[in-house]
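The values are calculated or read from the model by the stated rules, or taken from the named source; none is laboratory data. It should be emphasised that the depicted structure is a prediction, and the values quoted were computed from it without experimental measurement. No Cβ is skipped: glycine too gets one built from the backbone with ideal geometry, and neighbour counts run over all protein chains shown. These area figures cover heavy atoms from the full protein model, side chains too; ligands, DNA and RNA do not enter into them. Shrake-Rupley method; radii C 1.70, N 1.55, O 1.52, S 1.80 Å.
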Amino acid sequence: MPKLWLTLNSLFALLRAIFVSMDLIKEKIINIVTETVAKNGFFLIELIIRGLEKNRIIEVYIVGEKDISADDCAFVSREIDQQLEALTEFPYRLDVSSPGVDRPLKFLKQYPKHLNRNFEVSYFQNDETKKLSGKLIALEGEELTFLINNQAEKKVNFNKIKKAKVTISFS
(Lines give C-alpha, C1' and ligand atoms only; values in the text may rest on other atoms or scores of the structure.)
Protein backbone atom coordinates (compact mmCIF):
# COMPACT_ATOMS: atom_id res chain seq x y z
CA MET A 1 0.00 0.00 0.00
CA PRO A 2 2.78 2.56 0.72
CA LYS A 3 4.15 2.19 -2.85
CA LEU A 4 0.70 2.80 -4.33
CA TRP A 5 0.25 5.86 -2.08
CA LEU A 6 3.63 7.21 -3.20
CA THR A 7 2.71 6.62 -6.83
CA LEU A 8 -0.64 8.39 -6.46
CA ASN A 9 1.01 11.31 -4.65
CA SER A 10 3.57 11.58 -7.44
CA LEU A 11 0.82 11.49 -10.06
CA PHE A 12 -1.18 14.20 -8.29
CA ALA A 13 1.93 16.37 -7.93
CA LEU A 14 2.68 15.96 -11.64
CA LEU A 15 -0.91 16.82 -12.62
CA ARG A 16 -0.87 19.87 -10.34
CA ALA A 17 2.40 21.04 -11.94
CA ILE A 18 0.93 20.58 -15.43
CA PHE A 19 -2.18 22.60 -14.57
CA VAL A 20 -0.15 25.37 -12.94
CA SER A 21 2.10 25.48 -16.02
CA MET A 22 -0.95 25.64 -18.34
CA ASP A 23 -2.44 28.46 -16.25
CA LEU A 24 0.81 30.45 -16.48
CA ILE A 25 0.94 29.99 -20.25
CA LYS A 26 -2.71 31.05 -20.59
CA GLU A 27 -2.03 34.10 -18.44
CA LYS A 28 0.93 35.07 -20.65
CA ILE A 29 -1.17 34.56 -23.79
CA ILE A 30 -3.90 36.79 -22.33
CA ASN A 31 -1.35 39.52 -21.53
CA ILE A 32 0.24 39.36 -25.00
CA VAL A 33 -3.11 39.52 -26.77
CA THR A 34 -4.54 42.28 -24.57
CA GLU A 35 -1.47 44.51 -24.91
CA THR A 36 -1.08 43.95 -28.66
CA VAL A 37 -4.73 44.66 -29.42
CA ALA A 38 -4.75 47.85 -27.31
CA LYS A 39 -1.41 49.04 -28.72
CA ASN A 40 -2.91 48.91 -32.21
CA GLY A 41 -5.98 50.95 -31.24
CA PHE A 42 -8.52 48.14 -31.10
CA PHE A 43 -10.71 46.70 -28.35
CA LEU A 44 -10.51 43.08 -27.30
CA ILE A 45 -14.05 41.70 -27.32
CA GLU A 46 -13.32 38.08 -26.61
CA LEU A 47 -10.35 35.75 -26.23
CA ILE A 48 -10.95 32.02 -26.38
CA ILE A 49 -8.15 29.56 -25.64
CA ARG A 50 -9.19 25.97 -26.22
CA GLY A 51 -7.81 22.61 -27.14
CA LEU A 52 -5.02 20.61 -25.64
CA GLU A 53 -1.38 21.61 -25.51
CA LYS A 54 -0.61 19.70 -28.72
CA ASN A 55 -3.30 21.46 -30.76
CA ARG A 56 -4.20 24.67 -28.97
CA ILE A 57 -6.59 27.09 -30.70
CA ILE A 58 -6.46 30.77 -29.81
CA GLU A 59 -9.38 32.84 -31.06
CA VAL A 60 -9.17 36.62 -30.76
CA TYR A 61 -12.13 38.89 -31.52
CA ILE A 62 -11.40 42.60 -31.90
CA VAL A 63 -13.32 45.74 -32.81
CA GLY A 64 -12.44 49.35 -33.37
CA GLU A 65 -14.19 52.66 -33.39
CA LYS A 66 -14.45 52.17 -37.15
CA ASP A 67 -14.96 48.98 -39.10
CA ILE A 68 -12.08 46.51 -39.05
CA SER A 69 -10.61 45.22 -42.27
CA ALA A 70 -9.03 41.86 -43.03
CA ASP A 71 -5.69 43.70 -43.24
CA ASP A 72 -6.18 45.01 -39.68
CA CYS A 73 -6.83 41.48 -38.43
CA ALA A 74 -3.82 40.11 -40.32
CA PHE A 75 -1.55 42.82 -38.88
CA VAL A 76 -2.66 42.16 -35.30
CA SER A 77 -2.38 38.42 -35.91
CA ARG A 78 1.25 38.73 -37.09
CA GLU A 79 2.19 40.81 -34.05
CA ILE A 80 0.58 38.36 -31.64
CA ASP A 81 2.10 35.41 -33.49
CA GLN A 82 5.65 36.81 -33.23
CA GLN A 83 5.31 37.13 -29.46
CA LEU A 84 3.69 33.73 -29.01
CA GLU A 85 6.46 32.01 -30.95
CA ALA A 86 8.99 33.48 -28.53
CA LEU A 87 6.88 32.40 -25.56
CA THR A 88 6.24 28.75 -26.26
CA GLU A 89 7.07 25.79 -28.39
CA PHE A 90 3.62 24.19 -28.43
CA PRO A 91 1.78 24.13 -31.75
CA TYR A 92 -1.23 26.39 -31.98
CA ARG A 93 -3.64 27.95 -34.43
CA LEU A 94 -4.24 31.68 -34.05
CA ASP A 95 -7.44 33.18 -35.45
CA VAL A 96 -7.91 36.95 -35.26
CA SER A 97 -11.15 38.43 -36.55
CA SER A 98 -13.87 40.90 -35.80
CA PRO A 99 -16.98 39.44 -34.24
CA GLY A 100 -19.79 38.95 -36.72
CA VAL A 101 -23.13 40.65 -36.38
CA ASP A 102 -24.43 37.46 -34.81
CA ARG A 103 -22.38 38.16 -31.65
CA PRO A 104 -23.87 40.36 -28.94
CA LEU A 105 -22.29 43.71 -28.16
CA LYS A 106 -20.44 43.61 -24.84
CA PHE A 107 -18.95 47.06 -24.35
CA LEU A 108 -20.41 50.56 -24.46
CA LYS A 109 -17.71 51.69 -26.89
CA GLN A 110 -19.11 49.25 -29.48
CA TYR A 111 -22.40 51.14 -29.79
CA PRO A 112 -21.51 54.46 -31.48
CA LYS A 113 -20.71 52.87 -34.84
CA HIS A 114 -24.10 51.14 -34.74
CA LEU A 115 -26.20 54.30 -34.49
CA ASN A 116 -29.27 54.09 -36.74
CA ARG A 117 -29.11 50.31 -36.85
CA ASN A 118 -31.80 47.96 -35.61
CA PHE A 119 -31.28 45.99 -32.41
CA GLU A 120 -32.82 43.25 -30.36
CA VAL A 121 -32.17 44.04 -26.72
CA SER A 122 -32.95 42.27 -23.48
CA TYR A 123 -32.48 44.37 -20.37
CA PHE A 124 -33.30 44.45 -16.68
CA GLN A 125 -36.09 46.65 -15.37
CA ASN A 126 -37.43 46.31 -11.82
CA ASP A 127 -35.92 42.84 -11.36
CA GLU A 128 -37.53 41.61 -14.59
CA THR A 129 -36.00 40.92 -17.97
CA LYS A 130 -37.65 42.97 -20.71
CA LYS A 131 -37.13 42.81 -24.46
CA LEU A 132 -37.30 45.40 -27.17
CA SER A 133 -36.70 45.61 -30.89
CA GLY A 134 -35.83 49.03 -32.18
CA LYS A 135 -33.41 51.37 -33.88
CA LEU A 136 -30.58 52.89 -31.84
CA ILE A 137 -31.07 56.62 -32.41
CA ALA A 138 -29.02 58.25 -29.66
CA LEU A 139 -26.24 57.56 -27.22
CA GLU A 140 -25.58 59.95 -24.36
CA GLY A 141 -23.12 58.77 -21.73
CA GLU A 142 -24.45 55.38 -20.69
CA GLU A 143 -28.01 56.05 -21.89
CA LEU A 144 -29.01 54.44 -25.17
CA THR A 145 -32.19 55.60 -26.89
CA PHE A 146 -34.08 53.21 -29.15
CA LEU A 147 -36.92 54.09 -31.51
CA ILE A 148 -39.55 51.37 -31.36
CA ASN A 149 -41.89 50.86 -34.36
CA ASN A 150 -40.90 54.31 -35.66
CA GLN A 151 -43.05 55.81 -32.88
CA ALA A 152 -42.04 55.48 -29.24
CA GLU A 153 -38.61 56.12 -27.80
CA LYS A 154 -37.18 53.93 -25.05
CA LYS A 155 -34.10 54.85 -23.03
CA VAL A 156 -32.05 51.99 -21.59
CA ASN A 157 -29.00 52.38 -19.40
CA PHE A 158 -26.07 50.35 -20.74
CA ASN A 159 -25.50 48.75 -17.34
CA LYS A 160 -29.04 47.30 -17.42
CA ILE A 161 -28.51 45.55 -20.77
CA LYS A 162 -28.37 41.79 -20.53
CA LYS A 163 -27.88 41.16 -24.25
CA ALA A 164 -27.90 43.38 -27.33
CA LYS A 165 -27.53 42.27 -30.93
CA VAL A 166 -27.58 44.22 -34.14
CA THR A 167 -30.23 42.83 -36.45
CA ILE A 168 -29.78 42.65 -40.17
CA SER A 169 -32.43 44.28 -42.32
CA PHE A 170 -32.70 43.37 -45.99
CA SER A 171 -35.27 46.00 -46.86
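Pull out a ≥ b ≥ c, the square roots of the eigenvalues of the alpha-carbon gyration tensor of segment 21-73, then state rounded if a/c is under 1.5, prolate if not and a/b is larger than b/c, and oblate in the remaining case. Prolate shape, in that a/c is at least 1.5 and a/b is the bigger ratio. Equivalent ellipsoid of segment 64-147: semi-axes from √(5λ) of the C-alpha gyration tensor, largest first, are 35, 16, 11 Å.
Could you give the distance between the Cα centres of segment 61-99 and segment 146-171, to the whole Å? Using only Cα atoms, the two centres lie 31 Å from each other. Mean sequence separation of contacting Cα pairs (under 8 Å, at least six apart), scaled by the length of segment 57-159, corresponds to a relative contact order of 20 percent.
Shape analysis of segment 13-133 based on the Cα gyration tensor places the equivalent ellipsoid semi-axes at 32, 20, 11 Å, largest first.
Let a ≥ b ≥ c be the square roots of the eigenvalues of the Cα gyration tensor of segment 119-171; is it rounded (a/c under 1.5), or, if not, prolate (a/b larger than b/c) or oblate? It comes out prolate by the Cα gyration axes. Between Asn116 and Lys39, the distance separating the two model label sites (each 7 Å from Cα on the Cα→Cβ line) works out to 3.7 nm. Glu65 exposes around 140 Å² of accessible area when a 1.4 Å probe is run over every protein chain in place. For the residues Thr145, Thr34, Thr129, a GNM of the chain with alpha-carbon springs under 10 Å puts the largest fluctuation on Thr129. With respect to the chain, whose longest principal axis is taken over its alpha-carbon atoms, helix 70-87 is tilted by about 20°.
Helix 2-39 axis versus longest C-alpha principal axis of the chain: approximately 40°, rounded to the nearest ten.
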